[in-house]
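*Asks:* Before anything else, here's the structure in question.
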Amino acid sequence: MRSDVKIDKSVQSTSSAVSKQSLTTILAQTVKTGIIKSNLLAMFAGLTLALFINDYSPLEKIPEIILAMIGSALVIGAAGAFNNLYDRDIDSIMERTKNRPTVTGALQPKTVLLLAIIMSVVGLVSLAFTTPLAALFGLLGLFFYVVPYTMWTKRRTIYNTEVGSISGAMPPLIGWAAITTNMMHPALLGLFVIMVLWQMPHFYAIAIRKYDDYKAANVPMLPVVKGFKRTYIQTNIYLIALIATSFLFITFSIGIMLVALILSIAWLILSIVGYKKMTTKKWATTMFIFSLNHLTILFATIIVYSFIGSTFL
């Protein structure tokens with residue numbers, strides 16, 4: 001049975017918690033707006049890629065673009081809300097999550113559940129108005145994040161990150177499917193695989209930085225269970241795979257392929273050199289920052305290239 005003792009104490013001071021935070025801030029923390037923004041970037045990369053490769057002008061697909069953005073944001077936000085609701089017991093233990101509204105009682109569990117359900121339904125319906133396939137990918141992303149990841153593997157196995165990565169890799173597929181149901185292009189596969197592989201070094205770095213939190217909450221993250229050395233080795237294995245994946249873009253654009261390749265090689269070099277010269281925590285922080293830059297630069301490049309190509313070429 002999951003303990004809600006700390007939550008019950010927090011609920012008693014709900015009015016106090018709400019008075020210290022605006023409703024906007026409370027809702028933003030509940031649906032995890034930071035994650036929504038980063039995943040919308042990935043979704044938009046898939047969407048603009050589909051526009052360019054299938055010779056559509058953005059002006060032809062304005063309704064689909066708007067609905068894809070709204071639907072994706074709502075579904076991703078719903079997944080965050082479900083996660084916060086289910087994890088409020090362990091969130092109350094960890095320093096970085098102990099002030100979430102689901103822990104402090106700023107939002108009641110029933111309210112969060114209702115919010116997540118409404119966001120899920122409206123988000124999936126919005127995606128379905130683009131194509132049913134986009135809605136299916138949205139549903140798969142939501143399901144994988146809530147059930148196999150949050151409710152099953154997160155507390156049971158070191159492979160929780162790998163399971164969660166399936167959900168994290170859905171946004172590019174949603175964006176692409178909102179424009180066309182023809183999924184047979186190597187560049188789309190490249191986006192999906194890169195999103196899967198990228199998440200492991202990214203979240204391993206977070207797990208090292210927040211090692212004490214995860215250990216206290218008994219969450220079996222890789223560095224907590226297997227140690228830093230194993231995490232370092234596994235990080236490099238995924239980075240090598242990420243380098244190989246870059247070549248999937250060669251049929252789309254040699255320039256994009258080179259950007260992906262250079263970023264991934266630089267990340268591997270940083271990992272190897274940094275691990276030898278830095279403390280483990282500093283190495284993890286450096287790796288975490290680079291991971292954000294890696295994804296932002298690559299996807300921004302794809303979006304700009306595809307948007308220009310679909311608009312002017």
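*Asks:* Grab the Cα-Cα distance for LYS282 and VAL304, subtract it from 0.36 nm times how many residues apart they are, and report the gain in nm with one decimal.
*Replies:* Values: separation 22, 0.36 × 22 = 7.92 nm, distance 3.28 nm.
Net length gain for the segment: 4.6 nm.
*Asks:* Once you have the Cα-Cα distance between VAL225 and ARG156, take 0.36 nm times their residue separation minus that, and quote the gain in nm to one decimal.
*Replies:* This chain segment gains 23.7 nm when fully extended.
*Asks:* So, one more: Using just the helices of the chain, give the 222 nm mean residue ellipticity in deg cm²/dmol: DSSP H runs with n ≥ 4 each add -39,500 (n - 2.57), and the total is spread over all residues, rounded to 500. Show your work: numbers first, answer last.
*Replies:* On the way: 17 runs with 237 residues, N = 313.
Estimated from H runs of four or more residues: -24500 deg cm²/dmol.
*Asks:* Express in nm, to one decimal, how much length is gained between LEU292 and LEU140 on full extension, taking 0.36 nm for each residue of separation and deducting their alpha carbon distance.
*Replies:* Details: separation 152, 0.36 × 152 = 54.72 nm, distance 2.44 nm.
Answer, rounded to one decimal: 52.3 nm.
*Asks:* Using a Gaussian network model on the chain with a 10 Å cutoff between Cα atoms, which of SER22, SER126, SER57 fluctuates the most?
*Replies:* Comparing SER22, SER126, SER57 in the GNM, the peak value goes to SER22.
*Asks:* Using a cut-off of under 19 Å, list every residue of the range 184-204 whose amide N is near the label point 7 Å from the Cα of ALA244 along the Cα-to-beta-carbon line.
*Replies:* Output list for this probe position: 186-202.
*Asks:* Moving on to the next point. Rounded to a whole number, what % of the accessible area of the chain do carbon and sulfur atoms account for, probe 1.4 Å?
*Replies:* Working: 9880 of 14160 Å².
That fraction is 70 percent.
*Asks:* Residue by residue, what Karplus-based ³J(HN,Hα) values in Hz, rounded to whole numbers, does the range 263-270 have, using 6.51, -1.76 and 1.60 with θ = phi - 60° and x for Gly and Pro?
*Replies:* So the J values, rounded to whole Hz, are 4, 6, 5, 4, 5, 5, 4, 4.
*Asks:* In addition: Once you keep just the Cα pairs under 8 angstrom separated by 6 or more residues, what percentage relative contact order results for the chain?
*Replies:* 22
*Asks:* Taking a spot 7 Å from the Cα of ASN182 along the direction of its beta carbon, which residues of the range 33-72 have an amide N less than 14 Å from it?
*Replies:* Output list for this probe position: 50-57.
*Asks:* Grab the beta carbon distance between THR111 and ILE35, set R0 = 22 Å, and tell me the FRET efficiency rounded to 0.05.
*Replies:* Numbers: r = 20 Å, r/R0 = 0.91.
Given R0 = 22 Å and the Cβ-Cβ separation, E is 0.65.
*Asks:* Go through [x] 0.97; [y] 1.02; [z] 1.12 and flag the label whose value is the computed Cα Rg over 2.2 N^0.38 Å for this structure.
*Replies:* Given [x] 0.97; [y] 1.02; [z] 1.12, the calculated one carries the label [y].
*Asks:* With springs only between Cα atoms under 10 Å, which of ILE76, ILE174, ILE250 fluctuates most in a Gaussian network model of the chain?
*Replies:* ILE250
*Asks:* For the range 148-297, how big is the tail of P(r) above 21 Å, as a whole percent of Cα pairs?
*Replies:* Values: 5191 of 11175 pairs.
Pairs farther apart than 21 Å: 46 percent.
*Asks:* LYS110: which lysines have alpha carbons under 25 Å from its alpha carbon, excluding same-chain residues fewer than 8 sequence positions away?
*Replies:* Within the straight-line limit of under 25 Å, LYS110 reaches these lysines: LYS6, LYS9, LYS20, LYS32, LYS98, LYS154.
*Asks:* Quick check for me: using +1 on Lys/Arg Cβ and -1 on Asp/Glu Cβ, what's the dipole size of the chain about its Cα centre, in debye to the nearest 20?
*Replies:* Working: 25 positive and 12 negative charges, 267 e Å.
Here the size comes out at about 1280 debye.
*Asks:* If I build a Gaussian network model for the chain, linking alpha-carbon pairs within less than 10 angstrom, which residue out of ILE26, ILE302, ILE62 has the largest mean-square fluctuation?
*Replies:* Residue with maximal mean-square fluctuation among ILE26, ILE302, ILE62: ILE62.
*Asks:* For the range 261-313, state which chymotrypsin sites (Phe, Trp or Tyr not before Pro) are in a DSSP loop and have at most 16 other beta carbons lying within 10 Å of their beta carbon. Let's see the in-between values first.
*Replies:* Numbers: sites: TRP267, TYR275, TRP283, PHE288, PHE290, PHE299, TYR305, PHE307, PHE312; in loops: none.
Qualifying residues, ordered by number: none.
*Asks:* How many nm is it between the label spots at ILE254 and ILE62, if each spot is 7 Å from the Cα in line with the beta carbon?
*Replies:* Distance between label points: 3.8 nm.
The values are calculated or read from the model by the stated rules, or taken from the named source; none is laboratory data. As the structure is a computational prediction, the values presented were derived from the model and not from experiment. Note: ideal-geometry Cβ built from the backbone for every residue, glycine included; neighbour counts use all protein chains shown. Protein only, heavy atoms only, side chains kept; ligands, DNA and RNA dropped before computing areas. Shrake-Rupley method; radii C 1.70, N 1.55, O 1.52, S 1.80 Å.
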